[in-house]
1. Can you name the number of the only condition in (1) closer than 21 Å to residue 98 by Cα; (2) touching a residue at least 60 places away in the same chain (Cβ under 8 Å) that residue 24 fails?
2. Out of everything in segment 48-63 that is in contact with a strand residue (DSSP E or B) (Cβ under 9 Å, 6 or more places away or on another chain) and outside any loop (DSSP other than H, G, I, E, B), what residue ends up being nearest to ligand 1 (Cβ to nearest atom)?
3. Can you list the helices (runs of 4 or more DSSP H) lying wholly within segment 192-247 that have 3 or more residues being more than 16 Å from ligand 2 (Cβ to nearest atom) and surrounded by 24 or more Cβ atoms within 10 Å (Cβ to Cβ)?
4. What about residue 181, is it surrounded by 21 or more Cβ atoms within 10 Å (Cβ to Cβ), within 16 Å of ligand 1 (Cβ to nearest atom) and touching a residue at least 24 places away in the same chain (Cβ under 8 Å)?
5. Scan segment 5-25 residue by residue and report those that are crowded, with 24+ Cβ neighbours inside 10 Å, more than 16 Å from ligand 2 (Cβ to nearest atom) and not aliphatic (A, V, I, L, M).
6. How many residues does segment 158-178 hold that are of a type in the set (Val, Ile, Thr) and more than 16 Å from ligand 2 (Cβ to nearest atom)?
7. Could you say whether any residue in segment 93-102 is farther than 18 Å from residue 161 by Cα, acidic (Asp, Glu), away from ligand 2 (no atom under 14 Å from the Cβ) and touching a helix residue (DSSP H, G or I) at 6+ places or on another chain (Cβ under 9 Å)?
8. Within segment 239-247, can one find any residue that is touching a residue at least 24 places away in the same chain (Cβ under 8 Å), away from ligand 1 (no atom under 16 Å from the Cβ) and among the aromatic types (Phe, Trp, Tyr)?
Amino acid sequence: MKLTFLGSGGGRFATISQKRMTGGFRIDDFNGKNYHIDPGPGALVRCYQFGVNPTKIDGVFVSHSHTDHYNDAEILIEAMTRGMTKNNGIIMGSRTVFEKFEKWGPALSKYHQSNSKNLVLVPNKVKHFPNLTIKGCETQHGDPTGVGFQMEHNDFRISYTADTSYFEKLPKYHKKADILIASVLRPYNQSIRGHMCTDDFINLVDEVKPGLAVMTHFGFKMLSANPVEEALRVASETGVRTLAAFDGMRVDINRKYPERSRMIRLKDRFALRLKQENVFKNNIEDKSARAVRQKEKNYYKKRNNF
Ligand SMILES: [Zn+2]
Ligand SMILES: [Zn+2]
């Protein structure tokens with residue numbers, strides 16, 4: 001089982017500026033199935049950038065109707081259903097993913113909902129599938145139907161808070177998580193409405209005591225505070241190994257000892273492509289540089305002749 005972060009940025013401004021990528025994350029090989037979670041802007045492109053196949057998914061999860069979570073969901077559903085020619089996979093998420101509620105949603109057109117199973121998740125609702133048991137977890141956030149989840153199989157649990165403030169019952173929803181993934185938008189004690197800051201996350205990790213904690217969905221303030229430092233602070237306060245996600249981070253999950261999971265940096269294939277273009281550019285520059293040098297030589301030759 002592995003996690004792949006196709007983005008670690010979140011909130012409006014980190015998203016608009018792409019200061020960090022916003023493609024959400026993948027859970028691969030959760031009992032043989034792959035899920036794309038909260039595919040925000042760029043999710044499809046980031047798949048190719050980090051060498052992940054977007055057509056190899058069995059489910060798309062969208063926690064709520066904010067663009068940094070749903071923007072690329074429709075195109076990923078097309079990838080999952082072979083361009084809407086096959087019935088395949090499952091779409092899971094908040095009510096507003098599927099229908100309008102107040103000023104929210106629907107995030108997906110009826111067309112895109114039509115070739116996959118649909119599961120509206122609500123807090124505490126547990127749904128059993130052959131490969132997966134999933135429970136909805138409450139959030140306190142802009143979209144009133146927003147929802148996190150806890151996935152379970154063979155007594156192994158991955159929990160995702162989605163966007164939420166810290167509230168008293170939050171740890172209860174994520175109890176027993178082996179891996180706890182959270183949106184931690186802000187550093188220090190600087191929480192704002194609808195989002196956790198590092199100190200909130202310390203409380204959550206301390207209550208839940210997962211094997212491994214991962215923080216992601218960083219906003220501007222968190223990025224300038226340095227998420228790695230903040231993750232180290234969570235670890236030292238709670239005794240739980242805590243990772244700050246980065247774009248292209250893969251975590252190979254050690255099921256037995258989650259704290260020993262291996263973290264790798266995936267190759268940025270676009271950077272490699274850029275390198276090739278640079279080589280090409282250098283060649284041109286070399287040529288023109290040679291031409292310039294030749295012109296110079298000719299000039300001095302002529303001048304010396306006088
Ligand atoms: Zn968000
Ligand atoms: Zn949000």
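1. Of (1) closer than 21 Å to residue 98 by Cα; (2) touching a residue at least 60 places away in the same chain (Cβ under 8 Å), only one is false for residue 24: (2).
2. Out of the qualifying residues, it is 62.
3. Details: elements: 198-208, 220-225, 227-238.
By residue number, 198-208.
4. On the way: surrounded by 21 or more Cβ atoms within 10 Å (Cβ to Cβ): yes; within 16 Å of ligand 1 (Cβ to nearest atom): yes; touching a residue at least 24 places away in the same chain (Cβ under 8 Å): yes.
Spelling it out, residue 181 is indeed surrounded by 21 or more Cβ atoms within 10 Å (Cβ to Cβ), within 16 Å of ligand 1 (Cβ to nearest atom) and touching a residue at least 24 places away in the same chain (Cβ under 8 Å).
5. 5
6. Restricting attention to segment 158-178, the residues satisfying the condition of being of a type in the set (Val, Ile, Thr) are 158, 161, 164.
Still in the running and more than 16 Å from ligand 2 (Cβ to nearest atom): 158.
Final tally of qualifying residues: 1.
7. We begin by selecting, within segment 93-102, every residue farther than 18 Å from residue 161 by Cα; these are 98-102.
In the following step, the residues that additionally are acidic (Asp, Glu) were identified as 99, 102.
After this cut, where a residue has to be away from ligand 2 (no atom under 14 Å from the Cβ) as well, the list is 99, 102.
Still in the running and touching a helix residue (DSSP H, G or I) at 6+ places or on another chain (Cβ under 9 Å): 102.
Looking for residues that are farther than 18 Å from residue 161 by Cα, acidic (Asp, Glu), away from ligand 2 (no atom under 14 Å from the Cβ) and touching a helix residue (DSSP H, G or I) at 6+ places or on another chain (Cβ under 9 Å), one finds at least one in segment 93-102, hence yes.
8. Within segment 239-247 (the criterion being touching a residue at least 24 places away in the same chain (Cβ under 8 Å), away from ligand 1 (no atom under 16 Å from the Cβ) and among the aromatic types (Phe, Trp, Tyr)), the answer is yes, since at least one residue qualifies.
The values are calculated or read from the model by the stated rules, or taken from the named source; none is laboratory data. Computed from a predicted structure; not experimentally measured. Methodologically, a virtual Cβ is constructed for each residue, glycine included, from the backbone with ideal geometry; neighbour enumeration extends over all protein chains shown.
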